[in-house]
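Each remark here refers to the structure printed beneath this line.
The values are calculated or read from the model by the stated rules, or taken from the named source; none is laboratory data. Treat the numbers as computed from the prediction; the structure is a model and nothing was measured. As a convention, Cβ positions derive from the backbone with ideal geometry for all residues, glycine included, and neighbour counts pool all protein chains shown.
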């Protein structure tokens with residue numbers, strides 16, 4: 001059994017323990033312990049019934065943990081006398097775990113960490129690696145997150161939107177260590193979609209697949225960022241694009257629009273263009289208008305202004321940019337791009353320089369610095 | 001989350017609030033209290049899930065540069081009294097810039113001689129993060 005299949009079993013095992021009367025925090029720790037033992041022993045000695053093995057191991061660990069705390073003896077007696085579980089597959093319990101891990105009382109980073117461990121089935125070390133922090137720090141972040149949600153009732157109904165936001169963060173941020181976070185986000189979003197039949201879960205899944213399709217073209221082998229317009233489109237994964245488009249179309253047909261569906265629609269229009277010149281910018285602007293109505297996010301207006309510049313010319317783009325708050329991240333980069341297209345090269349060069357200094361990641365900083373250097377050498381003649 | 005480097009300028013940076021003697025001139029119990037306070041501070045940040053790393057640096061440093069093709073590197077110093085002295089650093093992973101500033105403010109209250117806060121300047125520098133996947 002490979003590690004991904006093992007991870008698939010984790011939320012259901014936690015669900016079984018909780019249904020037997022275990023509290024979420026202790027159950028989750030017990031399941032993590034069983035997971036670590038499975039990773040260590042299964043390669044040499046694979047069990048006939050992996051899920052049963054995990055439930056037994058986790059349940060024993062849970063009883064040990066509760067036994068160790070004398071104040072909890074009463075509860076142990078109660079849970080130990082509970083009847084054996086019924087069927088072990090319970091979608092409602094698993095979905096409830098997703099809600100719990102994305103609970104609005106959690107900060108985004110703790111929701112991400114707890115989600116990756118309790119429903120993603122990742123080990124604390126793997127999560128720590130992915131976010132470049134020590135394992136002890138990540139363990140504490142997860143423990144605190146569990147304390148924060150300790151008062152949440154397990155049958156309290158959650159909001160799918162909060163779960164999707166956490167999965168979006170997993171997909172969009174973080175480094176890829178031993179575990180590929182993008183793959184992990186896609187796997188979990190697929191699961192949420194199958195459990196909820198939610199249009200926005202479909203929208204998010206489509207968005208992820210459409211962006212994942214560009215992965216090979218997004219950076220050069222040495223890690224240099226390649227902007228969308230310069231990507232070698234023959235390296236885009238057409239199977240992923242087709243899958244993303246199909247999921248998106250089915251969601252859009254249900255006429256319950258949301259921000260992820262709209263973002264996916266924009267990504268699909270880019271994916272549809274064989275060359276950058278074939279991009280349907282007019283439609284992209286229309287989708288940005290839709291997204292603006294749904295989110296009122298200033299970053300959306302910034303991206304819209306760039307799209308307007310492509311659809312109706314640089315002056316129109318600059319006019320649209322005037323409506324955007326100048327303090328929005330990447331404002332200078334967007335203005336630099338439009339100024340260059342408007343022929344204002346010296347100003348564009350200066351703005352690219354500003355944008356490079358404000359960049360929050362190295363790949364972007366290097367890219368913007370190169371743009372500034374290119375224009376400065378043109379201006380100097 | 002974003003990572004920040006809190007750089008301890010023992011000397012240098014803006015004008016010092018307290019002119020600190022070198023630690024070997026402090027009372028031994030003040031040195032102990034200082035060291036223990038730093039350990040406790042790191043532990044506290046571990047518990048909040050924000051700690052990444054901390055390091056102290058030996059005060060003596062040497063400047064080194066490329067010496068040219070086929071030649072050994074050029075060195076300068078060490079200098080007995082440099083204007084700037086970096087005593088070490090702390091790296092944290094926090095939710096916001098405001099939180100990074102808050103942590104730096106608390107860190108600067110580390111006790112010096114006579115157990116009084118030493119008010120040292122911390123330079124807060126953001127690390128570069130990972131580029132976002134969704135770009136448009």
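Within the stretch B:56-79, none of the residues are within 14 Å of chain A (Cβ to nearest Cβ) and either more than 19 Å from residue B:107 (Cβ to Cβ) or outside any strand (DSSP E or B) (or both).
Within the stretch B:97-118, is there a residue that is in contact with a strand residue (DSSP E or B) (Cβ under 9 Å, 6 or more places away or on another chain), closer than 26 Å to residue A:142 by Cα and part of a strand (DSSP E or B)? No, there is no match, as no residue in the stretch B:97-118 is in contact with a strand residue (DSSP E or B) (Cβ under 9 Å, 6 or more places away or on another chain), closer than 26 Å to residue A:142 by Cα and part of a strand (DSSP E or B). The single condition among (1) outside any strand (DSSP E or B); (2) more than 14 Å from residue B:35 (Cα to Cα) that residue B:125 does not meet is (1). Name the residue that is modelled with the lowest pLDDT, counting only residues in the stretch A:230-245 that are farther than 20 Å from residue A:172 by Cα and either within 14 Å of chain B (Cβ to nearest Cβ) or out of contact with any helix residue (DSSP H, G or I) (no Cβ under 6 Å at 6 or more places or on another chain) (or both). Per the criteria, the residue is A:230. Residues in the stretch B:15-60 that are in contact with a helix residue (DSSP H, G or I) (Cβ under 8 Å, 6 or more places away or on another chain) and closer than 30 Å to residue A:147 by Cβ: B:41, B:45, B:46, B:47, B:48, B:49, B:50, B:51, B:52, B:54.
Look at residue A:351 and say whether it is crowded, with 22+ Cβ neighbours inside 10 Å, part of a helix (DSSP H, G or I) and more than 12 Å from every other protein chain (Cβ to nearest Cβ). Against the criterion (crowded, with 22+ Cβ neighbours inside 10 Å, part of a helix (DSSP H, G or I) and more than 12 Å from every other protein chain (Cβ to nearest Cβ)), residue A:351 qualifies. Among the residues of the stretch A:180-212, those that are without any contact (Cβ under 8 Å) to a residue 60 or more places away in the chain, more than 11 Å from chain B (Cβ to nearest Cβ) and either surrounded by 22 or more Cβ atoms within 10 Å (Cβ to Cβ) or on the phi > 0 side of the Ramachandran plot (or both) comprise A:189, A:193, A:197, A:201, A:202, A:205, A:209. Which condition breaks for residue B:40 when tested against (1) part of a loop (DSSP other than H, G, I, E, B); (2) away from every other protein chain (no Cβ under 14 Å); (3) within 30 Å of residue A:138 (Cα to Cα)? (1) is the only condition that residue B:40 fails.
For the stretch A:256-303, the tally of residues that are within 24 Å of the chain's Cα centre (by Cα), outside any helix (DSSP H, G or I) and either crowded, with 20+ Cβ neighbours inside 10 Å or away from chain B (no Cβ under 14 Å) (or both) stands at 4. So which residues in the stretch A:111-130 are within 14 Å of chain B (Cβ to nearest Cβ) and surrounded by fewer than 24 Cβ atoms within 10 Å (Cβ to Cβ)? Answer for the stretch A:111-130, where residues must be within 14 Å of chain B (Cβ to nearest Cβ) and surrounded by fewer than 24 Cβ atoms within 10 Å (Cβ to Cβ): A:124, A:128, A:129. Within this structure, residue B:10 passes the test of being touching a residue at least 40 places away in the same chain (Cβ under 8 Å), in contact with a strand residue (DSSP E or B) (Cβ under 6 Å, 6 or more places away or on another chain) and farther than 30 Å from residue A:113 by Cα.
Does residue B:52 satisfy the condition of being closer than 29 Å to residue B:126 by Cβ, out of contact with any strand residue (DSSP E or B) (no Cβ under 7 Å at 6 or more places or on another chain) and surrounded by 10 or more Cβ atoms within 10 Å (Cβ to Cβ)?
Taking the combined requirement at face value, the residue does not satisfy it.
Of all residues in the stretch A:246-255, exactly one satisfies the criterion of being touching a helix residue (DSSP H, G or I) at 6+ places or on another chain (Cβ under 6 Å) and surrounded by fewer than 19 Cβ atoms within 10 Å (Cβ to Cβ), namely A:254. Here residue A:223 passes the criteria (1) in a loop (DSSP other than H, G, I, E, B); (2) under 22 Å from residue B:132 (Cα atoms); (3) away from chain B (no Cβ under 14 Å) except the one numbered (3).
Restricting the stretch A:143-167 to residues that are over 18 Å from the mean Cα position of the chain (by Cα) and part of a helix (DSSP H, G or I) leaves a set whose member that is nearest to the other protein chains (Cβ to nearest Cβ) is A:144.
For the stretch A:113-136, filtering for residues that are in contact (Cβ under 8 Å) with a residue 60 or more places away in the chain and either more than 24 Å from residue A:2 (Cβ to Cβ) or not in a helix (DSSP H, G or I) (or both) leaves 5.
Restricting to the stretch A:168-179, give me the number of residues that are away from chain B (no Cβ under 12 Å) and buried (at least 16 other Cβ atoms within 10 Å of the Cβ).
So in the stretch A:168-179, the residues away from chain B (no Cβ under 12 Å) come out as A:178-179.
Applying the additional criterion that residues be buried (at least 16 other Cβ atoms within 10 Å of the Cβ) yields A:179.
Of the residues in the stretch A:168-179, 1 are away from chain B (no Cβ under 12 Å) and buried (at least 16 other Cβ atoms within 10 Å of the Cβ).
Give me the residue from the stretch B:108-135 that is within 14 Å of another protein chain (Cβ to nearest Cβ) and touching a helix residue (DSSP H, G or I) at 6+ places or on another chain (Cβ under 6 Å) and, out of that set, farthest from residue B:12 (Cα to Cα).
Let us first name the residues in the stretch B:108-135 that are within 14 Å of another protein chain (Cβ to nearest Cβ), namely B:125-135.
Narrowing further to those that are touching a helix residue (DSSP H, G or I) at 6+ places or on another chain (Cβ under 6 Å): B:128, B:131-134.
Numbers: B:128: 25, B:131: 33, B:132: 36, B:133: 40, B:134: 41 Å.
Ranking the qualifying residues of the stretch B:108-135, first place goes to B:134.
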